[in-house]
Number of protein chains: 2
Amino acid sequence: MTEVTYEFYYWPSIQGRGEFVRLALEDAGAPYKDVARLPEQEGGGSKAVVRMLSEAGSGLPPFAPPILKCGALVMAQTANILAFVAPRLGLVPDDEASRVAANQLQLTLADLADEAHDVHHPISVSLYYEDQKTEALRRAGHFVKERIPKYLGYFERVLESRHGPHLLGVHSYVDLSLFQVLSGLHYAFPKSMAALESRLPMLGAARVSVAARPRIRAYLASNRRLAFNQHGLFRHYPELDAS
Amino acid sequence: MTEVTYEFYYWPSIQGRGEFVRLALEDAGAPYKDVARLPEQEGGGSKAVVRMLSEAGSGLPPFAPPILKCGALVMAQTANILAFVAPRLGLVPDDEASRVAANQLQLTLADLADEAHDVHHPISVSLYYEDQKTEALRRAGHFVKERIPKYLGYFERVLESRHGPHLLGVHSYVDLSLFQVLSGLHYAFPKSMAALESRLPMLGAARVSVAARPRIRAYLASNRRLAFNQHGLFRHYPELDAS
């Protein structure tokens, strides 16, 4: 374990895209500060995120959080942060083929997460859900019937080819990300996911396997883990969850 | 220049997400086969892409194209392919900070491209545009008025901080990707982009600078460059282009 303390910046009230990074840091037992979750008097709160977005300073300003600061390096974009940090945390094998595969899987999970977000925001992120509910209902039907089965069927097949619960054959950060996406989908679409469960046994086992990891179990039980809610990437609106 | 011949797989009738990879290979003068654009008798056509998607074979099957084969390694996801191939093509500086910054910018450009796609497909990729036109009209208003200016304003500021036309300060694959996104937006939303142009002088210069690169100029004039059309990521529906 290196001595570097990671500084992590993400909206302090939601899991969102930041949660993929939090899970990696937690699983590795890495020393990190979740800066925006500190009190405002200690430099925390949403203001901490806004400050990072407007600091054109030396390096490249990020377009959006999550943001990770590691020494002098400041970086954004979830998959980019994970590709940087995973080798340092022992969360991806050393060889190039594994790293390329991990990044490919992470980006595919990110696509699925983005599509899940756009179910409740099909028109604009600047409008409330209630102001795009008609469109959301229509989109949800397609998402639940076509997209979830297509994506999860793909990940099920990957696990089948590995004969186990690890997308790369050994534990890596993409297992944590898969856990997060599955947890989010179960929260947002409980009925639809329950209907699919029997066809996706490998995914079920993979989710259980991650939840049983000692540091993840401790994290999920701690107040560092924010609850899913109606402001994040995955949201539970019963009307969007076809039975 | 290495002797490896890259095999590239993408739908043969559209630029789509594959075009970001094509531009990198072309700019570097890399030896590559655009497999699906070969005649079917020579193993080409859409079937070549479908074959790659269903080949569970040795490695990780891709969820979707673009796909690049480099020796024994097969990889998918545009940003992943570019992060792998750019160092080999001399299209990104050697240091880690530059590579992290390049990947961050590429993923942000990918987010913008995805949002542009979802303007004409806000409900489902399985429906025709005509069957989601009402929703598309509503989404387009927000995209053109809020999202394009927000994203392009960001990239303009990055170029300002570099005092030149290169997002990393020197030529890299993300300049090619920026060129592609700007070209696509100009094709899809000509009136909206014309209205913005005077506020984005650095982006205008960056686009001209890429188009003037000898290999890119030759590529754009060749029949290897597919035309923008109504089946790709960027589509021109005049009704979606607010004046």
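Residues in the range B:230-239: is at least one part of a helix (DSSP H, G or I) and modelled with pLDDT of 95 or more? The answer is yes; a qualifying residue exists. Would you confirm whether any residue within the range A:32-43 is surrounded by fewer than 19 Cβ atoms within 10 Å (Cβ to Cβ), under 20 Å from B:Lys150 (Cα atoms) and of a type outside the set (Lys, Arg)? No, the conditions are met nowhere in the range A:32-43. The residues of the range B:13-45 that are closer than 19 Å to B:His117 by Cβ and in contact with a helix residue (DSSP H, G or I) (Cβ under 6 Å, 6 or more places away or on another chain), listed by number, are B:Arg17, B:Glu19, B:Phe20, B:Val21, B:Leu23. Every residue in the range B:64-92 that is without any contact (Cβ under 8 Å) to a residue 40 or more places away in the chain and either surrounded by 22 or more Cβ atoms within 10 Å (Cβ to Cβ) or not aromatic (Phe, Trp, Tyr) (or both), please. If the condition is that a residue be without any contact (Cβ under 8 Å) to a residue 40 or more places away in the chain and either surrounded by 22 or more Cβ atoms within 10 Å (Cβ to Cβ) or not aromatic (Phe, Trp, Tyr) (or both), then B:Ala64, B:Ala72, B:Leu73, B:Val74, B:Met75, B:Ala76, B:Gln77, B:Ala79, B:Asn80, B:Ala83, B:Pro87 are the ones that fit. In summary, helices (runs of 4 or more DSSP H) completely within the range A:87-171 and bearing 1 or more residues that are away from every other protein chain (no Cβ under 11 Å) and more than 24 Å from B:Lys150 (Cα to Cα) occur at A:133-142, A:148-162. Here B:Ser13 meets each of (1) assigned to a helix (DSSP H, G or I); (2) of a type in the set (S, T, N, Q); (3) surrounded by fewer than 18 Cβ atoms within 10 Å (Cβ to Cβ) with one exception, condition (1).
Has the range A:176-184 got any residue that is more than 14 Å from chain B (Cβ to nearest Cβ) and not in a helix (DSSP H, G or I)? No, every residue in the range A:176-184 fails to be more than 14 Å from chain B (Cβ to nearest Cβ) and not in a helix (DSSP H, G or I). The set of residues in the range A:175-209 that are of a type in the set (Val, Ile, Thr) and either closer than 12 Å to A:Ala113 by Cβ or touching a residue at least 60 places away in the same chain (Cβ under 8 Å) (or both) contains only A:Val181.
Taking A:Ser198, is it among the hydroxyl-bearing types (Ser, Thr, Tyr), assigned to a helix (DSSP H, G or I) and surrounded by 19 or more Cβ atoms within 10 Å (Cβ to Cβ)? Here the answer is no, as A:Ser198 does not meet what is asked. Residues in the range A:97-112 include none that are surrounded by 24 or more Cβ atoms within 10 Å (Cβ to Cβ), under 18 Å from A:Thr5 (Cβ atoms) and under 14 Å from the mean Cα position of the chain (by Cα). Of the residues in the range A:22-39, none is in a loop (DSSP other than H, G, I, E, B) and within 12 Å of chain B (Cβ to nearest Cβ).
Of the numbered criteria (1) more than 10 Å from chain A (Cβ to nearest Cβ); (2) assigned to a helix (DSSP H, G or I); (3) of a type in the set (Gly, Ala, Ser), the one B:Gly44 fails is (2). From the list A:Gly184, A:Gly164, A:Gly141, A:Gly153, the lone residue that is closer than 15 Å to A:Glu239 by Cβ, of a type outside the set (Lys, Arg) and out of contact with any Lys or Arg (no Cβ under 7 Å at 6 or more places or on another chain) is A:Gly141. For B:Arg51, the requirement of being outside any loop (DSSP other than H, G, I, E, B) and facing chain A (nearest Cβ under 9 Å) is not met.
For every residue, the table says whether it meets (1) crowded, with 17+ Cβ neighbours inside 10 Å; (2) under 25 Å from B:Pro87 (Cα atoms).
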{"position": "B:His142", "(1), (2)": "yes, no"}
{"position": "B:Arg157", "(1), (2)": "no, no"}
{"position": "B:His166", "(1), (2)": "yes, yes"}
{"position": "B:Ser172", "(1), (2)": "yes, yes"}
{"position": "B:Tyr187", "(1), (2)": "yes, no"}
{"position": "B:Val208", "(1), (2)": "no, yes"}
{"position": "B:Pro214", "(1), (2)": "no, yes"}
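Any residue at all in the range B:32-44 that is closer than 18 Å to A:Arg99 by Cβ and among the hydroxyl-bearing types (Ser, Thr, Tyr)? The answer is no, given that none of the residues of the range B:32-44 is closer than 18 Å to A:Arg99 by Cβ and among the hydroxyl-bearing types (Ser, Thr, Tyr).
The values are calculated or read from the model by the stated rules, or taken from the named source; none is laboratory data. Just so you know, these numbers come straight off a predicted model, no measurement behind them. Heads up, the Cβs are rebuilt from the backbone with ideal geometry, glycines too, and the neighbour counts pull from every protein chain shown.
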